[in-house]
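Worksheet: one structure, shown below.
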Amino acid sequence: MESNIRDIVIVGGGTAGWMAAGALAKNAPGRRITLIESEEIGTVGVGESTIPPIILFNQLLGIDEDEFVRETNATFKLGIEFVDWRRLGHKYFHNFGMLGADLHTGVPFLHYWMRSLKSGGDPDQLRFSSETEAARRGKFGRVQRAPPGAQPNMHYAFQFDASTYAAYLRRYSERRGVVRKEGKVVNVRQNAETGFIEAVEMQDGSSVRGDFFIDCSGFRGLLIEQVYQAGFEDWSHWLPNDRAAAVPAERMAEPSPFTVARAREAGWQWRIPLQHRTGNGYVYSSSHISDDEVATALLGTLEGKALADPKVLRFKAGRRRKSWVKNCIALGLSSGFLEPLESTSIHLVQAGITKFLDFFPHRECDPILIDRYNEEMAFQYETVRDFIIAHYKVTEREDTEFWRYCRHMSIPDSLSDKLTLFRERSEVKPYPGDLFGDISWFAILYGQGLTPEGYHPLADAMSDDDLQLRLAGIRKAIMERVEALPAHSEFIRRCCAAQPVTTAA
Amino acid sequence: MTRRVEAVAVVGRDAPLWLAAAAIQRSLGPAGVRVQAVELPSWLASADCYSTLPSLASMHRLLGVDEAKMLRAASGVPVAAQRFSNWAKGAPPYLIAYDDQAGEAGDLPFVQYWLKGHREGLRAGIEDFSLGCVCARAGRVPLGPADTEAKISASYGYNLDARDYAEALKQLVTNRGIEILSGRIADVKLDGERVIGIELEGGERVEADLFVDASGAERVLMMRLPGAEFHSWRDRFSCDRVLTASATQFKSLPAFTQISAFRGGWIGIHPLQDRTAITAVYSSDGISDQTMIAQLSVLARLPVSGEAVVSELKPGLLDRAWIGNCVAIGEAAVAMEPLAAIPLHLAQGCISHLVTLFPATAEEMPEAMPYNDVIRAFASNIADFTQAHYLLNGRFDEPFWEQSREAPATGTLRGKIDLFSARGEVSLRDNETFSEQNWTLLFLGGGIEPDGFDPRIDLLADQPLIELVQQRLRAVAELAKNMPSVDQFVGALGQLQAVGVS
């Protein structure tokens, strides 16, 4: 058909650009894909932590997981440890995966666990999470797909070096015919009648024409904002952090199979262990703390020697009002920013790409598709936003100006509805498209100190003896499973250790 | 800990009352919840029929109902599809069946392959690729799962005698030990937005922590609550009358319900074991009840006998189907004409959302909020599906049908139609009752000819596409050939296990 898209142009490299290039090269064959990037413009790539759906993205690309881990200096991740969030000295874990097992009653396990809690049971729900048990013991392994009725599979994601990830995807894409063009875009040519972008003009005088454009140019939104003025919805009153200072440190002897997020005086600090080094950073609100104070605080708490000076990044929480305008979509920072507290940056890029593949347009880009895409992406961003805000709002901390602000700020209605429901019945009833399910919400809200009053009444239908037996059986199976796993570092060494030559940070 | 819900009173009539009481007792009885049913006088006429979607069978499984016994008791007949005739001048009838798979073949919905094939000269229609449609034409029942290899299977709904079915459900509820009080309501005691108790004309009092309103269009509890607001859809749906009557049974039972449009509305012909139920749904603006009754035999092309009863129809929904401690289910929450065989499904959907959101405590009940959201979406999708039949009608020069074409529709429905017209794609929303395949059959049957298809279909070369399409065509025909006829199915109800229904 004449109206098919033939030429796709990606403006901007970095993680978002190369993820898009790889996904399109594999899943939209027959199209010419050009990626424009400039060595002059730095990419925002620090230690990157991900969530389990990235496995689907790897599958979409047909990537061999061991190779991928090797080439990106990655480690495995079973969840996030939150330190000092509820109050100083308190710790909790946001586990990936399920809790307990499916009891085949139509009622999630969580409610049975709540019932046992309410009758005086152990307050640690994560005794029923294989991922947590393994993380606590520094273990990792892939488990065989469990037969129905047995325990759920173990869920994991990766912690990797974002710059090597982009480089890895670049090699992947170029092997599949993606053309990389070095240089800076200086002008954009639009069709006078339709406003569609026809070509981008380069500093060297050449131009690159295309039927469809993907804006991966970062915060400035070279196409989506500078050409189309899509607008920016500012969320910084809910998420006041606007800077991050990042610094790599020497590798941990035993890299933990989880990311650490430690709450600090005016923000929080990450620790992302990779094979060759450890990524660290302090995300903060510049109106509550100075860059210098942050640098001192960050360097003072590194667990290994710093390998560079802290580098400061600036951002603003919010979302581009439209991620798709005419024949252009924005991916990554050009479509919005949410702090990496729940490791969602790469996921939002992934969601944008897979949705685009689902909605793959003709050249004229049907407005119905565009509206639907924008609606669904807006929902994605908002649901992640609410989840992140909950970490700040639900806390006992009032020890600094920053935490007093967070604890008393107003929150979106969509979040307060979830909190009300959670308090009543231990579940927030996520919408079908919500990224985080009830188990994640439970981990966070309960971890932050909100203990629900009730649970699903159907969970009372089981006899006490039966419930106790089942809980004990599940706990035993989890212990046995985790016992059999190797240490995380041992697992990496055996099947996916990086080549020592690729350790340039 | 705060107090749990210990007592539930379900107030209503007919099948929705009994379904709700049985379902709540079945799931929450073991958790210590006591259920009472308050039975209001029935509104069912002797000729009434419940035409249902396949989802009813899963409700029955949940309730532990013996399917064969139920079908025998309610003169039930399986329905593989609905057949729509005369919805456009000169157009052939079309079918909407209930295939379990969305017709997937490869990565894209099957209709995409069909559209491409059709453009290249493929002659087989979309219905030839639907096991349900092929069975419906051949008078067969698609028992599933038919072929796990090809992943082709279809489900079927039922036509049931309404009074017999309600009676059988009442029997079930009685056997389960649920207390039943019968009568009319004399008084409802309120405290703000909460119902404290009700008093029947006979003097009995009923108190409960949670009240369920299953009283149909009367909304006997809901409409007494401050803040209850019924939002009418009359601007979207012209029909405000339902006439039911009977004719003699078919000698050989068809596997579909016939839905024939006529100048003032539509007529449904529902085969039952011992008679044929006839429904006429029409607008009183265009045709009087007397005229309708007089013309029914001619329009239905069947000799109508016995009682013909007209009832009023007021489509719309409650803005809040759950207020305080009172939850509306079925028609009490959302009223919709029975075009898409949904009246019991509406009750069932509400009941299952209520069980999922059963209040954790007897006090605040913030569950009302998600319940109201989900019911609104659920109802709106069904209303869209129903209205799509009208919007797409091709009957010109008839005021009723002109008006139906011009009636206001939601942006969601317009968007669905536009997208399908552009590329044969159905954009499903959350909480859809009808599948991608149902919408596809409706849109194509209603006469939409998509301008294009998903661009990814071009990635498949012609040869594999032709093979894929032909393979499916053969597989469907082969499977359908081995399905029992409706007569065989009904005849075997005494020993239903033998024909493979569990």
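The values are calculated or read from the model by the stated rules, or taken from the named source; none is laboratory data. The model shown is predicted, which means the values in this text are computed figures rather than measured ones. Note that each Cβ is placed from the backbone with ideal geometry, even for glycine, and that neighbours are counted across all protein chains shown. Protein only, heavy atoms only, side chains kept; ligands, DNA and RNA dropped before computing areas. Shrake-Rupley method; radii C 1.70, N 1.55, O 1.52, S 1.80 Å.
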*What number, rounded to the nearest 500 deg cm²/dmol, is the helix-based mean residue ellipticity at 222 nm of chain B, given -39500 (n - 2.57) per DSSP H run of at least four residues and division by all its residues?*
-10500 deg cm²/dmol
*Can you list the equivalent-ellipsoid semi-axes of segment B:241-312, largest first and in whole Å, using the square root of 5 times each Cα gyration tensor eigenvalue?*
21, 12, 10
*Please report the buried accessible area for the interface of A with B, total over both chains, probe 1.4 Å, in Å² to the nearest 100.*
2900 Å²
*Give the peptides A:29-36, A:276-283 in descending order of average Cβ contacts within 10 Å, highest first.*
A:276-283, A:29-36
*Enter the mean projected area of the convex hull around the alpha-carbon atoms of chain B, in nm², rounded to one decimal.*
24.2 nm²
*Considering every residue in B:355-365, what mean count of other chain Cβ atoms within 10 Å of its Cβ is obtained?*
5
_Spin-label model distance (nm) - residue B:314 vs residue B:174, 7 Å beyond Cα toward Cβ_ = 3.3 nm
_Compactness of chain A as Cα Rg over 2.2 N^0.38 Å, two decimals_ = 0.99
*Rounded, prolate or oblate: which fits segment A:152-251 when a ≥ b ≥ c are the square roots of the eigenvalues of the alpha-carbon gyration tensor, with rounded for a/c under 1.5 and prolate only if a/b beats b/c?*
oblate
*asked:* Taking 30 Å as the cut-off for C-alpha to C-alpha distance, list the pairs among A:77/B:416; A:311/A:393; A:139/A:355 that go past it.
replied: A:77/B:416; A:139/A:355
*Shape call for segment B:1-70 from the C-alpha gyration tensor, a ≥ b ≥ c root eigenvalues: rounded (a/c under 1.5), prolate (a/b greater than b/c) or oblate?*
oblate
*asked:* Please compute the Kirkwood hydrodynamic radius over segment A:73-126, one decimal place, Å, based on all pairs of different Cα atoms.
replied: 13.4 Å
*Within segment A:173-249, report the GluC sites (Glu not before Pro) that DSSP leaves as loop and that have at most 16 other Cβ atoms within 10 Å.*
A:193
*Equivalent ellipsoid semi-axes - Cα gyration tensor, segment B:408-458, angstrom*: 18, 13, 11
_Quick check: from the Cα gyration tensor, does segment B:289-445 come out rounded (a/c under 1.5), prolate or oblate?_
oblate
*What value, in deg cm²/dmol to 500, does the helix sum -39500 (n - 2.57) over DSSP H runs of n ≥ 4 give at 222 nm once divided by the residues of chain A?*
-10500 deg cm²/dmol
*Using the Cα atoms of segment A:243-314 to build a convex hull, what is its mean projected area in square nanometres?*
4.3 nm²
_Net charge contributed by nearby residues that have their C-beta within less than 11 Å of residue B:357 (K/R +1, D/E -1)_ = -2
*Percent breakdown of C-alpha pair distances by 20 Å bin, ordered from the shortest bin, for the protein assembly as shown*: 12, 38, 37, 13, 1
*asked:* Eigenvalues of the Cα gyration tensor times 5, then square-rooted: what semi-axes does that give for segment A:348-403, in whole angstrom, largest first?
replied: 37, 10, 7
*Would you mind putting B:40-49, A:400-409 in packing order, based on average other-beta-carbon counts within 10 Å, highest first?*
B:40-49, A:400-409
*How large is log10 I(q)/I(0) at q = 0.11, 0.12 Å⁻¹ when the Debye formula is applied to the Cα atoms of segment A:30-112, each weighted equally and without solvent?*
-0.60, -0.69
*By average C-beta atoms within 10 angstrom, highest first, the peptides B:84-90, B:10-16*: B:10-16, B:84-90
*Can you pull the mean other chain C-beta count within 10 Å for peptide A:448-454?*
2
*Largest first, how would B:119, A:6, A:385 line up by accessible area (1.4 Å probe)?*
B:119, A:6, A:385
*Label points 7 Å out from Cα along the Cβ direction at residue B:26 and residue B:274: separation in nm?*
2.5 nm
*To the nearest Å, what is the center-to-center distance of segment A:114-176 and segment B:146-214, using C-alpha atoms only?*
44 Å
*How many Cβ atoms of partner chains, on average, are near each residue of B:429-437 if near means within 10 Å of its Cβ?*
1
